[in-house]
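Student: Take a look at this one; I'll ask things after.
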Amino acid sequence: GPLSSGIYALYFKDRLVYVGKASRGTTKSKRTLRARLDEHASKISGRKNITLADMKCRYLTFDSEWWVFAAEFAL
């Protein structure tokens with residue numbers, strides 16, 4: 001994943017299950033998209049009846065932190 005801010009969508013077996021954001025400049029954690037997606041991958045790896053192969057991810061990066069929040073809200 002990219003080392004920037006943006007929004008992302010997680011799909012389980014082609015069904016949208018989660019929309020989130022990663023914002024370096026405006027969240028307490030200051031996580032990048034790569035760091036946030038790594039967290040999700042780690043959690044999924046520890047679960048039963050689901051594998052990373054069942055998951056897909058789409059993401060969109062923004063130069064402006066404001067657009068990260070606006071895009072997540074819109075989705």
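The values are calculated or read from the model by the stated rules, or taken from the named source; none is laboratory data. Please read these numbers as outputs of a predicted model, since none were measured by experiment. Positions of Cβ are generated from backbone atoms using ideal geometry, with glycine treated the same way; all protein chains shown enter the neighbour counts. Only protein heavy atoms, including side chains, enter the accessible area calculation; ligands, DNA and RNA are left aside. Shrake-Rupley method; radii C 1.70, N 1.55, O 1.52, S 1.80 Å.
Student: List every residue pair whose Cβ atoms sit under 6 Å apart, with the two residues 6 or more apart in sequence or on different chains, where the first one lies in the range 25-37 and is under 22 Å from Arg58 (Cβ atoms) and the second, anywhere, is modelled with pLDDT of 80 or more and open to solvent by 40 Å² or more (accessible area, probe 1.4 Å).
Tutor: Correct list of pairs: Leu33/Tyr59.
Student: Still on this structure: Against the definition (part of a strand (DSSP E or B) and modelled with pLDDT under 90), how does Lys21 come out, yes or no? Spell out how you get there, then give the answer.
Tutor: Numbers: part of a strand (DSSP E or B): yes; modelled with pLDDT under 90: yes.
Criteria met by Lys21.
Student: Out of all the residues in the range 48-75, which are out of contact with any Leu (no Cβ under 7 Å at 6 or more places or on another chain), open to solvent by 100 Å² or more (accessible area, probe 1.4 Å) and not in a helix (DSSP H, G or I)?
Tutor: Lys48, Asn49, Lys56, Arg58, Asp63, Leu75
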